[in-house]
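One structure coming up, written as structure tokens, with questions to follow.
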Amino acid sequence: MKKIMSVGLIIVLMGVMLSGCSSNEDSSNETSNTTVESNTDSTEETSQDEKSIELRFSWWGGDERHEGTLAFVDAYANNNSSVSIKPEYGGWDGYYQKLTTQLAGGTAPDIIQIDQPWIYELSQNQEMFLDLNTVSEYIDFTSFDENFLESYCTIDGKLLGLPTGVNGVVALENVEKLKEADIDENIVWDWDKLLEEGIKYRNYYGDENYLLINSIEELNRYVFQYYIMQSTGNELIDDAGELGFDAADAEKAYAYIIQLIDNNVVVPPEEMTAYDGKVNEHPKWINDQVGMTINYASTFPVYVGDEGDKYQSKRIPIIEGTENTGVVVRPSQLIAINNNSDHKEAVAKVLNDFMNEEESVKLLATVRGIPASNKAVGILTAENAISELEAEAIEIALDSAGIKQSIYVNDQEITQLFVDITQQVMFKNIDPSEAGDILVTDLVKLIDSKK
Amino acid sequence: MQKNKKKDRIGYLYILPWIVGFLVFQLYPILASLYYSFSEYSLIGEAEFVGFKNYIQIFTEDRDFKNSLIVTFKYVIYSLPLKLMFALFIAMLLNMKLKGINIFRTIYYIPSIFGGSVAISIIWRFLFSHEGLINQLLAYINVEPIAWIGNPNLALYNIGLLTVWQFGSSMVIFLAGLKNIPEIYYEAAKIDGASKIKMFFHITIPSLSPIIFFNIIMQMINSFQEFTSAFVITKGGPMKSTYLYGMFLYDNAFKYFKMGYASALSWVLFVIILVFTGLLFKKSSMWVHYGDGGDM
């Protein structure tokens, strides 16, 4: 009896182990913040002899984007019997690290969704992405704004990707919460008003309620950096690596942030440390204890969920008459083609279909924001498929767009330097004037090392 | 003579798979990282030899290096004894002869299987955030919410709890060790009228000392390299108070694309761990007793 049982157990164990080793994990990415897992489409036909080419397509996103893109993948397979697309998708967290490792090891997918700033980092030494001008016979570029392509997708005359959508930094307001606190629904924000109304909001709702919620990294970018750019009217760091501000400007901006914290206008930093990129998961946002947040319009769907009508988009705080609002308007993402792909022609065709074909455009809708292709915008508007909230947001962003940021501003190490010092200030470890000096000194040194 | 040669050849053939694996997956990466530590390598370009530049920069210019070392040392000093004491305590409990004790042993081992993951980070935030479960429970006894993860002075001790919670492997080894202590020692001590505490300190601990020594070495080496708890819960914040050396290395390698610099950092860590391990070995003869009376 014992022997039979132990033999039986061993067989079961081996079965479990082998099945665990071979199949890919089913990626159940509920939020857009889980780690990246690759997922094979389980409904794909196992007989691969009819499909002569298999292309791999990777992207990040939330559930809505996965659904829409998978629908596109399936439809493309149905319409094109010689090509099948293998989807590899997951959340934002870890996507870039995985991609760079794949690129270094030569195992990157054929079609890759990338964040726009990455094309600079990834084209410094090697041509990681295909110059789309070389496959122009398969792709219709006319539906894109030439300047947009030139500014954001082209390096040294090489077109390295096509923009999926237009994105910009906008404020997201909870309409009811602000109204109840007697804040004008049509208020046009500037930094002074933000402080004033924030105090009003706090006084009305009391403890544990704040007008603005943003992570420390977001406050550094959308409040601290924008405040400086608007006050000086200059770029933060220009293309030559020169700073557009001095220690005194930084000090003023830091002092403003301290005011926001001391007057309980913004959620305290101690409560935000674990929530960078995840503010929508913060209990205070979920429980409607905060009035607004500032972020890229493409993130709004995760913030509002099903409750789109509770919210409206607004222009972020801007100092009237400034030369540089600082507001970033840029492609939401780019779709690029791996320069090492074996099937460049086939991939180019997929890319064209993705951007320009009516059926695909309808399937993909606005899962990557308002499309950058005006052909697509036309199709979707006719279908009433564009969410009002997001359409409004993009319009506001385009209206308030600032000077295009240099590549230095998006550099990871430089960003980390900014965040570190802003954090120290927010935790009252160093005072604003000290911080201003340290920021300028360290920044200059760091930029020099990168030149 | 010929027969021996043939036997040797067969022997080598048997261990060939391991040798190949060792050369490809262990020796080559180690040598490669040594080479990279003397170069600048951005992962997506070519490696450029720069001599000692990385090492000099580490020791003279990098502020984060000093901070991360201090944070990591604090982490090791705090979490290592705690984890081992906990593991030993649970092992002793699980050493009791009760019906169904095996089920408990499995249950207590489960946390170690979770490792570091996004699921863990979500649970951690659920428990320890400002509105988390722990603070809610504290509210019942009228204690103000504590910023477990948000307070720079507390965060490190908080993420240390993750590794303490995953004490399973140490516990299992202790359990095995406990089972090997001959019963007659305890019986003899009982007859002589020794209290339980005396028995613990004079029989259990000395008999377990090789195992304790082993666990200290293994867990210390792991603690110095700890990465997941910092990455998954606090991302090194707030204000770099949980910026463990492992995270610092990771950022340099995969965020800033400074593979060469990161390789240099990893070799520095290697030397540090080597030194501490060596020290522990040297001092071990003072307190570790092997059953056969022999020395290391």
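The values are calculated or read from the model by the stated rules, or taken from the named source; none is laboratory data. Owing to the predicted nature of the structure, the values given are computational and were not obtained by experimental measurement. Backbone-built Cβ (ideal geometry, glycine too); neighbour counts: all protein chains shown.
Considering only segment A:76-106, state which residues are in a loop (DSSP other than H, G, I, E, B) and more than 13 Å from every other protein chain (Cβ to nearest Cβ). Let's see the steps before the verdict.
Initial filter on segment A:76-106 (in a loop (DSSP other than H, G, I, E, B)): A:80-82, A:91-94, A:106.
Correct list: A:80, A:81, A:82.
Any chance you could count how many residues in segment B:97-142 are surrounded by 15 or more Cβ atoms within 10 Å (Cβ to Cβ) and basic (Lys, Arg)?
So the count comes out to 2.
If you check every pair at least six apart or on different chains, which have Cβ atoms under 7 Å apart with a residue in segment B:150-164 that is within 12 Å of chain A (Cβ to nearest Cβ) first and a residue that is assigned to a helix (DSSP H, G or I) and of a type in the set (A, V, I, L, M) second?
Note: pairs meeting the criteria are B:159/B:230; B:159/B:233.
Given the criteria assigned to a loop (DSSP other than H, G, I, E, B) and surrounded by 16 or more Cβ atoms within 10 Å (Cβ to Cβ), does residue A:299 qualify?
Details: assigned to a loop (DSSP other than H, G, I, E, B): no; surrounded by 16 or more Cβ atoms within 10 Å (Cβ to Cβ): yes.
Here the answer is no, as residue A:299 does not meet what is asked.
Those residues that are more than 21 Å from residue A:97 (Cα to Cα), within 14 Å of chain A (Cβ to nearest Cβ) and under 29 Å from the mean Cα position of the chain (by Cα), I need them from segment B:1-55; list them, please.
Result: B:54, single match.
I'd like to check something: does segment A:133-146 contain any residue that is within 13 Å of another protein chain (Cβ to nearest Cβ) and either outside any helix (DSSP H, G or I) or hydroxyl-bearing (Ser, Thr, Tyr) (or both)? Step through it out loud before you land on a result.
Step one: of segment A:133-146, the residues within 13 Å of another protein chain (Cβ to nearest Cβ) are none.
Checked against the condition, which is being within 13 Å of another protein chain (Cβ to nearest Cβ) and either outside any helix (DSSP H, G or I) or hydroxyl-bearing (Ser, Thr, Tyr) (or both), segment A:133-146 yields no hits at all.
Could I ask something else about it? Within segment B:32-77, restricting attention to residues that are in contact with a strand residue (DSSP E or B) (Cβ under 9 Å, 6 or more places away or on another chain) and assigned to a helix (DSSP H, G or I), which residue is farthest from residue A:417 (Cα to Cα)?
Taking the candidates together, the pick is B:35.
Here's something else I'd like to know. Looking at (1) of a type in the set (D, E, K, R); (2) surrounded by fewer than 11 Cβ atoms within 10 Å (Cβ to Cβ); (3) touching a residue at least 24 places away in the same chain (Cβ under 8 Å), which is the one condition that is false for residue B:74?
Exception for residue B:74: condition (2).
A follow-up question, please. What single numbered condition from (1) of a type outside the set (Ser, Thr, Tyr); (2) modelled with pLDDT of 85 or more; (3) not in a helix (DSSP H, G or I) fails to hold for residue A:124?
Unmet condition: (2).
So which residues in segment A:419-438 are within 14 Å of another protein chain (Cβ to nearest Cβ) and not polar (S, T, N, Q), if there are any at all?
The answer is A:419, A:420, A:421, A:425, A:426, A:427, A:428, A:430, A:435, A:438.
When the residues of segment A:254-277 are filtered to those that are touching a Ser or Thr at 6+ places or on another chain (Cβ under 8 Å) and touching a residue at least 40 places away in the same chain (Cβ under 8 Å), which remaining residue is nearest to residue B:155 (Cα to Cα)?
In this case the residue turns out to be A:273.
Could you please let me know if residue A:259 is more than 24 Å from residue A:429 (Cβ to Cβ), part of a helix (DSSP H, G or I), of a type outside the set (A, V, I, L, M) and assigned by TED's automatic domain parsing to the domain that holds residue A:324?
So residue A:259 does not fit the description; no.
Moving to a separate point now. Give me the helices (runs of 4 or more DSSP H) completely within segment A:161-247, filtered to those with at least 3 residues that are buried (at least 22 other Cβ atoms within 10 Å of the Cβ), ordered by residue number.
A:191-205, A:226-232
May I ask you to list the residues in segment A:86-106 that are more than 24 Å from the chain's Cα centre (by Cα) and at negative phi?
Correct list: A:105 only.
Take segment B:113-143 and flag every residue that is small (Gly, Ala, Ser) and within 26 Å of the chain's Cα centre (by Cα). Even if it seems obvious, please write down each step before you answer.
Applying the first criterion (small (Gly, Ala, Ser)) to segment B:113-143 yields B:115-117, B:119, B:121, B:129, B:132, B:139.
Of everything in segment B:113-143, those that are small (Gly, Ala, Ser) and within 26 Å of the chain's Cα centre (by Cα) turn out to be B:115, B:116, B:117, B:119, B:121, B:129.
Condition check: in the same structural domain as residue A:230 (by TED's automatic domain parsing) and on the phi > 0 side of the Ramachandran plot. Does residue A:291 satisfy that?
Taking the combined requirement at face value, the residue does not satisfy it.
When you scan segment B:208-244, how many residues do you find that are buried (at least 17 other Cβ atoms within 10 Å of the Cβ), within 14 Å of chain A (Cβ to nearest Cβ) and either more than 17 Å from the chain's Cα centre (by Cα) or not in a helix (DSSP H, G or I) (or both)?
Going through segment B:208-244 one residue at a time, the tally reaches 11.
A further question follows. Say whether the condition of being within 13 Å of chain B (Cβ to nearest Cβ), charged (D, E, K, R), surrounded by fewer than 23 Cβ atoms within 10 Å (Cβ to Cβ) and out of contact with any helix residue (DSSP H, G or I) (no Cβ under 7 Å at 6 or more places or on another chain) is met by at least one residue in segment A:260-277.
Within segment A:260-277, one or more residues are within 13 Å of chain B (Cβ to nearest Cβ), charged (D, E, K, R), surrounded by fewer than 23 Cβ atoms within 10 Å (Cβ to Cβ) and out of contact with any helix residue (DSSP H, G or I) (no Cβ under 7 Å at 6 or more places or on another chain).
Listed residues A:385, A:397, A:391; which is hydrophobic (A, V, I, L, M, F, W, C), modelled with pLDDT of 85 or more and more than 15 Å from residue A:236 (Cβ to Cβ)?
Testing whether each residue is hydrophobic (A, V, I, L, M, F, W, C), modelled with pLDDT of 85 or more and more than 15 Å from residue A:236 (Cβ to Cβ) leaves just A:397.
Can I ask one more? Quick check, is residue A:376 aliphatic (A, V, I, L, M) and closer than 21 Å to residue A:161 by Cα?
Yes; evaluated as a whole, the condition is true for this residue.
Take the residues of segment A:302-334 that are outside any loop (DSSP other than H, G, I, E, B) and of a type in the set (A, V, I, L, M): which is farthest from the other protein chains (Cβ to nearest Cβ)? So that I can check it myself, show each step before the final result.
Initially, segment A:302-334 is screened for residues outside any loop (DSSP other than H, G, I, E, B), giving A:302-304, A:308-314, A:329-331, A:334.
Cutting the leftovers down to of a type in the set (A, V, I, L, M) gives us A:302, A:304, A:329, A:334.
Numbers: A:302: 15, A:304: 21, A:329: 25, A:334: 17 Å.
Out of the qualifying residues, it is A:329.
Just to check your reading of the model, which residue among A:379, A:337, A:370 is surrounded by 20 or more Cβ atoms within 10 Å (Cβ to Cβ) and assigned by TED's automatic domain parsing to the domain that holds residue A:117?
Result of the check over A:379, A:337, A:370: A:337.
Inspect segment B:179-188 for any residue being surrounded by fewer than 22 Cβ atoms within 10 Å (Cβ to Cβ), touching a residue at least 40 places away in the same chain (Cβ under 8 Å) and assigned by TED's automatic domain parsing to the domain that holds residue B:94 and give the result as yes or no.
Checking segment B:179-188: at least one residue is surrounded by fewer than 22 Cβ atoms within 10 Å (Cβ to Cβ), touching a residue at least 40 places away in the same chain (Cβ under 8 Å) and assigned by TED's automatic domain parsing to the domain that holds residue B:94.
Looking at segment A:101-118, which of its residues are surrounded by fewer than 22 Cβ atoms within 10 Å (Cβ to Cβ) and of a type in the set (Val, Ile, Thr)?
A:101, A:107
Tell me which of these residue A:439 doesn't satisfy, since it passes every other one: (1) within 26 Å of residue A:322 (Cβ to Cβ); (2) in contact with a Gly (Cβ under 8 Å, 6 or more places away or on another chain).
Condition not satisfied by residue A:439: (2).
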